[in-house]
Amino acid sequence: MRRAGSGFLRSPNLPIAALLAAALVWGLTFSLVKTALTDAGALSFLGLRFAVALGAFSLFAARPAFRPAFGGLCLRDWWLAAAAGASLYGGFLFQTLGLRTATAANSAFITGLCVVMVPFLLWAGGEP
């Protein structure tokens, strides 16, 4: 008989497996997007991608448990959220357009390099 809380979820290998799974999914995304761009334009592909994300988000946002989180937002908060979304869309657009001419591996490398470079850029800009 197994005790509650034992098994794979308590395994020290779970974080490693989760990290490998996330890296696999993240890496495959670049190849899948590059393949999808052979059949669709960048704007239509991103429009569909963001529409699917909106649909998935709406399923969670419509639940009563999430309503208090959105009820306290003022108009300024919605504008800031829209600006953040537009910036995200712009980043996705440039990356998707870049995938037309670059390899999926180069695009993934440059994207991953941004994560490494941010602390150095903050340090160079005088941030602690």
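The values are calculated or read from the model by the stated rules, or taken from the named source; none is laboratory data. Not measured: the values here are computed from a predicted model. Quick reminder, even Gly has a Cβ in these numbers, built from the backbone with ideal geometry, and neighbours come from all protein chains shown.
Of everything in region 4-57 that is of a type in the set (A, V, I, L, M) and in contact (Cβ under 8 Å) with a residue 40 or more places away in the chain, the residue that is nearest to residue 107 (Cα to Cα) is 33. Return yes or no: is residue 108 surrounded by 10 or more Cβ atoms within 10 Å (Cβ to Cβ), touching a residue at least 60 places away in the same chain (Cβ under 8 Å) and either of a type in the set (A, V, I, L, M) or not in a helix (DSSP H, G or I) (or both)? Yes: the conditions hold for residue 108. For residue 44, are the conditions met, namely being of a type in the set (S, T, N, Q) and either in contact with a strand residue (DSSP E or B) (Cβ under 9 Å, 6 or more places away or on another chain) or modelled with pLDDT under 85 (or both)? Here the answer is no, as residue 44 does not meet what is asked.
Scan region 80-88 and tell me whether some residue there is over 28 Å from residue 25 (Cα atoms) and at pLDDT 90 or above. Steps first, please.
From region 80-88, those over 28 Å from residue 25 (Cα atoms) are 80; that's our starting set.
The next check asks that each one be at pLDDT 90 or above; those that pass are 80.
Checked region 80-88: at least one residue is over 28 Å from residue 25 (Cα atoms) and at pLDDT 90 or above.
Number of residues in region 37-53 that are of a type in the set (A, V, I, L, M, F, W, C), surrounded by 14 or more Cβ atoms within 10 Å (Cβ to Cβ) and part of a helix (DSSP H, G or I) equals 4.
Residue-level check: of (1) within 28 Å of residue 27 (Cα to Cα); (2) basic (Lys, Arg); (3) surrounded by fewer than 10 Cβ atoms within 10 Å (Cβ to Cβ), residue 76 misses just (1).
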